[in-house]
Structure formats: structure tokens, C-alpha cells
Amino acid sequence: MRLTRCNPRLLCLTIALILTMMKTHGQPPTTPMPTLVEKNGRHTLLVDGKPFLILGGQAHNSSAWPAMLPNLWQSVDNLHANTLEVPIYWEQIEPQQDQFDFSLVDTLLQQARTHNTRLILLWFATWKNGSNHYMPEWMKHDTAKYPNIKSAKGDPIDSPSPNTIATMEADTRAFKQIMKHLKAVDPQRTVIMVQVENESGSWGSVRDYSPYIQKLIDAPVPAGLLKPEILKALHANQTTEGSWRQIFGDRADEYFQAWSIATFIGHVAAAGKAEYPLPMYTNAALRDPLSNPMATSYESGGPTDNTLPIWKAAAPALDLEAPDIYLPETEKVLKVMELYDRPDNALLIPEIGLRTVNAKYFYTLLAHGGIGFSPFGIDDNGQPEKDTAIAKHLAPFAAAYATAAPMAGELAQWAFDGKIKAAVEQEDHAAQTINLGAWKAIVSFGSDGRANAAPVYDQPTGGIMIVELNQDKFLLVGTRCHLTFLPTGKNAGRPWQYDNVEEGNFGNGTFKPRRILNGDETDWGGPGFGNQPTVLQTTLIVR
Ligand code: DGJ
């Protein structure tokens, strides 16, 4: 039999085709790593290679156990969240030194995939709200090797020493194992970020006053802090050398504590990233953002607004420092968001109090170009009956997320591009103006959304975000407010009207109108937004 001679070009093509098929069918394609990107001082989190908006919810501290998970997932579903923030516990992961148990982590991963939800893992380790309570027992029993700090009077303080290498190395070893494990078991990138520690710092003493610390605080401040821009941001003496007291005056104790903790956590994060470079952050118990108080009145040494320059210098492996918001006053919450939205710090709110009035800040977060939002304590925390208080407070967050979810990708991109503006109702219910280039929007609150109705004032829950689609075209998402517009600039004072106002929803990249609003729905001071978030699209014309 005569063999046909093989055409070499055809052979090459066939081999290439087989290799491609092996690549796409034989092995799972590699999912890109979640990455935080920055452009012109704005940020976005890329998940699966695309801008991703974290519609998050955080579990209660003791809810990451298998028996609690069915209830927790129910809460995630009720909230319409796309991301669950959930703790992982050092005491459970390393019950004996160097013996690791990742069973809870693996259960979380499997169940998150089944629920089509991403995870942010919270590493409860050396610090949890300033204390060492999540350290494994074998460490808690060895107080000489893994000590707590002491107050100025020599009293024991319930907070771990950040200047103890043995503690730092133990935490680092465990964290490295976790990141190595995640790298091996999570090619799907179910975990999109990791929080390193939880609300680090110390309550009850501004720093460690153990006798050996005095030498460290009298020693020259490390060169890493002695950069003119850092000293300026810290309102410090612009000298090239000196002790902590000489350079930082009455902030010396707090800044020493911040440097010590940030160096520790930065070391843990860097070692973890060397195994598997997921985006990492740490969270702050806040101080009053308006009155510049001293650290005796808040948790000392954590990433509070005044110590951010120290954290940036000491812990470059952390992608961001994030505020946990429990302040009741609107003015203070808005100030905090301003302080943590920096060109070198993407705004992420990993915890906000689960209170009806707090859902409105979701709009403000997007206007800041923030990457994620998450009420704290979304599950009923083991209560036998469904906790109706939780359900009541969850409802406005759930409504905001349900509206945002179909357009979450677009919102993330618009936030990154700086196209979103927002206003939220303050305690005085006063109207506010939003500047939109060729237009300004005047937002009045206290409305229940009905046209031609006297304002109904309740708790300050109103809010709106406005997406600039083009100079005269806007997408509006709002709750409990009314809106009208005025032309500005060269058109200021000219008559104008709505070209159209459509009500609908956004999905699959387009706005889908349900109806056109006109007559009473737009003539009485502009369109109104009721108790549930509403999506409108409008085009304005100058006549
Ligand atoms: C802030 C902490 O970070 C959370 O883990 C939790 O303890 C809440 N406070 C409780 O309000």
C-alpha cells in the first residue's frame, strides 16, 4: 500500500489545533488573579479580569462554623450580596504548633462556590479588636514567649505585644500556610481579598510600657519614617534624626505603637503574598474624624486616619487600610470616607453598622470610586428564631444591592472612571446641590416618592447617586428624595426641560425602561424616589 505523503503545513496546523484543544478542554484555563489597580489616583478591583464591585456582607464573629453556615448563606441570599466577608480563626487552624487544619477554609470555599459568591477571608489572629483572643491555646499558655503589653503603671493590658518577634514569626508561619493552601485549592479565585488581622491596636494603654520598650522609644526613629513628605503629613518636626519624642512630641507613644503594629502586620502580609499574592488589607477601629483627639480615647496604633502615613511606610504589602464605620453622625461618616479615599488608598468599607440609616452610604462609596461595601453581622448569630431586628435593618441594604447587582460591573467601571456623584440626607434634612458639569442637580429629602406631596421626614435615610452618561444624560438611582436640575455655565438662567424621564432597570449592559414618567411624576419639582431604590434615566435640554 502506498502511503500518502503528509503536507507539512497541514501537519503543523493539526498539531496546533490539538494543543489548543488540550489547553481549553484538558485543563481548566487559568482564571486571572484578583488585582487592585490604580489609575490617576482612582482604583478598581479586577476579578476575573474585570472591574468588580464588592456587594458585601460580613458574618458575625462566631458564624464561620459548619453548623452556622446554612443560616449564614440564607442571609447572604437575602442581602443579594455577591461577596461574603467571613473570619478564619488562628485557634482553629493551628490548634497545635505547626499542625494545620484547613477543613473550615475548605468548607467555606466549597459552599461559596455552590452559592456563586466570592469570599473575603478575615484572618483573626494576633489582633482581634486589639486583643489576642484568637491566638491558639498553646500560645496563650506561654505568656513569657508571647506576651501582652503593660500600661504606664505596669498593669497588664489585654493586647498582644507588637514588638515580640516570636509572636510575629508564629503569625507569619501560619499565614503563609493559609496562603499556600489557598493557592493550591482555589484556582477559581473564590477568595478575592484577605484581611490581615482585625482592628489591631490597643485599648487601655497607648503603647507597651514594659521596661525594655523605653530603649526603643528613646532610640532614633527608623529612617523609613524620616522622609519629608511623611513627616509633613504627620505634622512632625522636620529633622533628620531624633528619638520618637523629639520628632513626634506628644504623639510619640501612639506613633511608636502604630509603627510597631504596622511593621508586624506588614511582615505577615508580605510573607503571605510571597506565597499567593491576593489583594490584602487591614481594618481600623476609627477615632473621631473631626476633633483630632488623643489616642487615650480610641484604639491606639491601628490604621486611624492620623496614622495612615505610618502604615503606608511600614506595611507596603497591604494594598489598603479600611475604615470600620460605626459612627452615628452623617457628617462624621462622610468625613471618614473622604479621609480613607486617597490616591494611595482605595476606599473599601469592610464593616458598616447594620442600621437602616447606613444603607445610603453605598451611594457615597460609589461617588468616591470605592471598591466595596459591607454591613456587619448579617446573620442571626445562632438565634433560634429569625431575628426580626436584623431583618428590618438588612432590608435597605438588600434593596440597594438588589438594584445594583444587575449593573455591578458597570457601576464598578463608572466609579473607577469618576462618573458617579452622590448626595445623602443629613440629620437636618436640608436640600443639597450636586455639580454635574453643564447641570446642577438639587436634591431635596424627606420625600416618600409621591408627586406633589408634602415632605415626610423620618430618619435621614434618603440618598441618590447620579451617573453621568453624557453631558446631558444621566442615570439616577435614589431613595426617599426629590430631584430637579438647573443648567449652569454658559446656559445658566436659561429655560430647560426634560427631554424624557424613563423609569426602569439596568441589566446586561443596557437600561431597560418600564415606563416614561411625565405629568405629575415630573412636573412637581422633578422626579421623586420612594422608599425602595428606583432607577431612572433622563436626558435634559436647554430651550
Ligand atoms: C468591629 C469588629 O471588627 C467586628 O469584628 C465586630 O467585633 C464588631 N466591631 C462588633 O460591633
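The values are calculated or read from the model by the stated rules, or taken from the named source; none is laboratory data. Keep in mind that what you see is a predicted model, and the values were worked out from it rather than measured. Here the Cβ positions follow ideal geometry from the backbone for every residue, glycine too, while neighbour counts run over all protein chains shown. Please note that ligands, DNA and RNA were not included when accessible areas were found on the heavy atoms of the full protein model with its side chains. Shrake-Rupley method; radii C 1.70, N 1.55, O 1.52, S 1.80 Å.
Given the condition under 24 Å from Thr126 (Cβ atoms) and loosely packed, with under 13 Cβ neighbours inside 10 Å, answer yes or no: does some residue in the range 55-65 qualify?
yes
If you scan the range 341-375, which residues turn out to be among the acidic types (Asp, Glu) and within 16 Å of the ligand (Cβ to nearest atom)?
Glu351
Which of the following residues is crowded, with 19+ Cβ neighbours inside 10 Å, free of Cβ contacts under 8 Å to residues at least 40 places away in the same chain and assigned by TED's automatic domain parsing to the domain that holds Glu502: Phe474, Phe445?
On the way: Phe474 fails: free of Cβ contacts under 8 Å to residues at least 40 places away in the same chain.
Being crowded, with 19+ Cβ neighbours inside 10 Å, free of Cβ contacts under 8 Å to residues at least 40 places away in the same chain and assigned by TED's automatic domain parsing to the domain that holds Glu502 holds for just one of Phe474, Phe445, which is Phe445.
So, Ile378, is that one assigned to a loop (DSSP other than H, G, I, E, B), within 16 Å of the ligand (Cβ to nearest atom), crowded, with 20+ Cβ neighbours inside 10 Å and at pLDDT 95 or above or not? Before the answer, list the steps.
On the way: assigned to a loop (DSSP other than H, G, I, E, B): yes; within 16 Å of the ligand (Cβ to nearest atom): yes; crowded, with 20+ Cβ neighbours inside 10 Å: yes; at pLDDT 95 or above: yes.
Spelling it out, Ile378 is indeed assigned to a loop (DSSP other than H, G, I, E, B), within 16 Å of the ligand (Cβ to nearest atom), crowded, with 20+ Cβ neighbours inside 10 Å and at pLDDT 95 or above.
If the requirement is being at pLDDT 95 or above, out of contact with any Leu (no Cβ under 8 Å at 6 or more places or on another chain), open to solvent by less than 60 Å² (accessible area, probe 1.4 Å) and within 30 Å of Pro406 (Cα to Cα), which of these qualifies: Met68, Met139, Met135?
The match here is Met68.
Please find, within the range 43-68, the residue that is nearest to the ligand (Cβ to nearest atom) out of those that are of a type in the set (A, V, I, L, M), in contact with a strand residue (DSSP E or B) (Cβ under 9 Å, 6 or more places away or on another chain) and in contact (Cβ under 8 Å) with a residue 24 or more places away in the chain. Break it down into steps so the answer makes sense when it comes.
Of the residues in the range 43-68, the ones of a type in the set (A, V, I, L, M) are 45-47, 53-55, 59, 64, 67-68.
Adding the requirement that they be in contact with a strand residue (DSSP E or B) (Cβ under 9 Å, 6 or more places away or on another chain) leaves 45-47, 53-55, 59, 64.
From what's left, in contact (Cβ under 8 Å) with a residue 24 or more places away in the chain: 45, 47, 53-55, 59, 64.
On the way: Leu45: 21, Val47: 24, Leu53: 22, Ile54: 17, Leu55: 19, Ala59: 9, Ala64: 12 Å.
Of everything passing the filter in the range 43-68, Ala59 is nearest to the ligand (Cβ to nearest atom).
Conditions tested, residue by residue: (1) of a type outside the set (A, V, I, L, M, F, W, C); (2) open to solvent by less than 10 Å² (accessible area, probe 1.4 Å); (3) touching a helix residue (DSSP H, G or I) at 6+ places or on another chain (Cβ under 6 Å).
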site	(1), (2), (3)
Ile149	no, yes, no
Lys153	yes, no, no
Ile157	no, no, no
Val194	no, yes, no
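Return the total of residues in the range 210-226 being touching a residue at least 40 places away in the same chain (Cβ under 8 Å) and open to solvent by less than 70 Å² (accessible area, probe 1.4 Å).
Within the range 210-226, residues that are touching a residue at least 40 places away in the same chain (Cβ under 8 Å) and open to solvent by less than 70 Å² (accessible area, probe 1.4 Å) number 4.
Quick check on this structure: which one of Gly463, Gly489, Gly526 is out of contact with any helix residue (DSSP H, G or I) (no Cβ under 8 Å at 6 or more places or on another chain) and either closer than 24 Å to Ala405 by Cα or surrounded by 14 or more Cβ atoms within 10 Å (Cβ to Cβ) (or both)?
On the way: Gly463 fails: out of contact with any helix residue (DSSP H, G or I) (no Cβ under 8 Å at 6 or more places or on another chain); Gly489 fails: either closer than 24 Å to Ala405 by Cα or surrounded by 14 or more Cβ atoms within 10 Å (Cβ to Cβ) (or both).
Only one candidate passes the filter, namely Gly526.
Of these, Thr539, Thr534, Thr510, which one is open to solvent by less than 60 Å² (accessible area, probe 1.4 Å) and more than 17 Å from Ala399 (Cβ to Cβ)? First the steps, then the outcome.
Values: Thr534 fails: more than 17 Å from Ala399 (Cβ to Cβ); Thr510 fails: open to solvent by less than 60 Å² (accessible area, probe 1.4 Å).
One residue alone meets the criteria, Thr539.
Can you give me the number of residues within the range 162-189 that are farther than 30 Å from Tyr255 by Cβ, open to solvent by 10 Å² or more (accessible area, probe 1.4 Å) and in a loop (DSSP other than H, G, I, E, B)?
Matching residues across the range 162-189 total 3.
Taking the range 40-82 only, how many residues are farther than 19 Å from Glu321 by Cα and of a type in the set (Val, Ile, Thr)?
Qualifying residue count, the range 40-82: 2.
Within the range 315-330, restricting attention to residues that are closer than 21 Å to Ala236 by Cβ and open to solvent by less than 20 Å² (accessible area, probe 1.4 Å), which residue is farthest from the ligand (Cβ to nearest atom)? First the steps, then the outcome.
Of all residues in the range 315-330, those closer than 21 Å to Ala236 by Cβ come to 315-316, 321.
If we keep only those that are open to solvent by less than 20 Å² (accessible area, probe 1.4 Å) too, we end up with 315, 321.
Numbers: Ala315: 18, Glu321: 13 Å.
Applying the filter and picking the extreme gives Ala315.
On the given criteria, is Ala453 modelled with pLDDT of 95 or more and surrounded by fewer than 17 Cβ atoms within 10 Å (Cβ to Cβ)?
Working: modelled with pLDDT of 95 or more: no; surrounded by fewer than 17 Cβ atoms within 10 Å (Cβ to Cβ): yes.
Taking the combined requirement at face value, the residue does not satisfy it.
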